[in-house]
1. Ordered by packing density, taken as the mean number of other Cβ atoms within 10 Å over each peptide's residues, highest first, how do 361-374, 181-194 rank?
2. Starting from the Cα-Cα distance between K125 and E33, subtract it from 0.36 nm times their residue separation and give me the gain in nm to one decimal.
3. Within segment 265-354, report the chymotrypsin sites (Phe, Trp or Tyr not before Pro) that DSSP leaves as loop and that have at most 12 other Cβ atoms within 10 Å.
4. Treating segment 142-417 as a set of equal point scatterers at the Cα positions, no solvent, please give the Debye-formula log₁₀ I(q)/I(0) at q = 0.13 Å⁻¹.
5. For R384 and E338 in one chain, what is 0.36 nm times their gap in residues minus the Cα-Cα distance, to one decimal in nm?
6. Taking 0.36 nm per residue of sequence separation and subtracting the Cα-Cα distance, how much length would be gained by fully extending the chain between S273 and T40, in nm to one decimal?
7. Based on DSSP H runs of at least 4 residues, each adding -39500 (n - 2.57), what is the mean residue ellipticity at 222 nm of the chain after dividing by all its residues, to the nearest 500 deg cm²/dmol?
8. Have a look at Q21, I11, T227 and report the one farthest towards the positive end of the charge dipole of the chain, computed about the Cα centre with Cβ charges (Lys/Arg +1, Asp/Glu -1).
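Readers should treat all values here as calculations from the given coordinates under stated rules, not as data from a laboratory. For clarity, every value in this text was computed on a predicted model and none was experimentally measured. When we count neighbours, we look across all protein chains shown, and the Cβ atoms used for this are built from the backbone with ideal geometry, even at glycine.
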Amino acid sequence: MSDSGTIRVMIVDDIVDTRDQLEKLLFFEKDIEVIAKAGTGREAIALDREQHPDVILMDINMPDMDGITATEAILRQSPAAQVIMMSVQGETDYLRRAMLAGAREFLTKPISADDLYKSIRHVHKLAATRPRTTAAVAATGERSPANLGRIIAVFSPKGGVGTSVVAANLAVTIRQQTGKKVALVDANVVFGDLSVILNLRSAKTIIDLAQRVEELDRDLLFDVLVTHTSQVKVLLAPPDPQRGELVSADHLRAILEALRQEFDYVVVDTPASFQDRTLAVLDMASRIVTLMTLEMHCIRNIKLFLEVADLLEYAREKVVLVLNKASNRTGIRAEEVEKNIQRKLVLQIGDAAQEVTFSINQGVPLVMSKPTHQFTRDLRVLARELTATLPVARAVGAPDTTPQVAEKPPGFLTRLMKR
């Protein structure tokens, strides 16, 4: 950034009209100045060396050198540069290649003025955050290992059992009961629902952290988190599946580790799968709130998951089995299920289908809109159970049972085959 505070931009596109049009769009923005224009990737590399722009608008398809190659070369000589990739193609492959090359944003042509302004200011603000890796945060001792926040994963091996609803309401309840700092993460990065359930809108999502994971620090973290009215800080999933696919298991590990440094409790909504991303969350979690319903296919999946959890050597107390949508109208009794799976249910959450649907449509968690409802009372019991067994501060010398993050654990099948 220049001394005057202006964001210095270079436009790279092989079409003259496109370069001129982008320059016109930026002309009246007082905090943005176009300092260079290039028609080829090679020209862009040379101009970057001379002009040192803050932000580079880079077309992905150019004849002599494509935008991917040019971006990689520019970032080797100017690591602080922020590249926004542009393309008429919006396919996942283009997006993935752009991000792997080091681009911070991806805009599909034609680009609206608002999207252009927001993207330039956003990537520049991210660059201005103090670069500090997650490992560096831990090394400074902001939180000792004994005082790291506790990660609570809400999971089910069967979709449609209410994990997102329970995760959102649980995070709010823990905040209400303890007054501690609580974060809520939508780790269902492909089809996340928390933005709808909590009626939250933000241009910043988990993808913004994944793209800058090597520079992840407190400032960047809080710039992306969204504050719910309950004072729970929420990390939303990307708005489209293509972007969500760019979030890897390693990204999630680094993000959750950073959140543990800043929050007392981190509640994570997980998808119903055994993909690496889900497994990364389950490995790091201090407790896995495992939801089930009284349906035969769900009970079967729960039994299989419990067997897998044993193979992965999860402690029995780590898996907290909870019956959701509990009802006596299914023809199956909870006691029969406990006998079949040889595991006790920690809690039953009463069926509140209509009320939950209404709360989702209103964008207000049921524990806030109906504080005396049976669903709310059940969530309070669950929150008390979790926070009682997961204190955020322990006596000096007490053993630390918080799972540690492996540098890069092997895949799910590989781990099972080694047993």
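1. Details: 361-374: 15.8, 181-194: 23.3.
Put in order of decreasing packing, that is 181-194, 361-374.
2. Working: separation 92, 0.36 × 92 = 33.12 nm, distance 1.56 nm.
Contour length minus Cα-Cα distance gives 31.6 nm.
3. On the way: sites: Y265, F274, F305, Y314; in loops: F274, Y314.
The qualifying sites: there are none.
4. Values, matching the q order: -0.84.
5. Numbers: separation 46, 0.36 × 46 = 16.56 nm, distance 2.24 nm.
Once the chain is fully extended between R384 and E338, it gains 14.3 nm.
6. Values: separation 233, 0.36 × 233 = 83.88 nm, distance 4.40 nm.
Length difference between fully extended and current span is 79.5 nm.
7. Numbers: 19 runs with 187 residues, N = 419.
Roughly -13000 deg cm²/dmol at 222 nm, from the helical runs in the chain.
8. Highest projection toward the positive end goes to T227.
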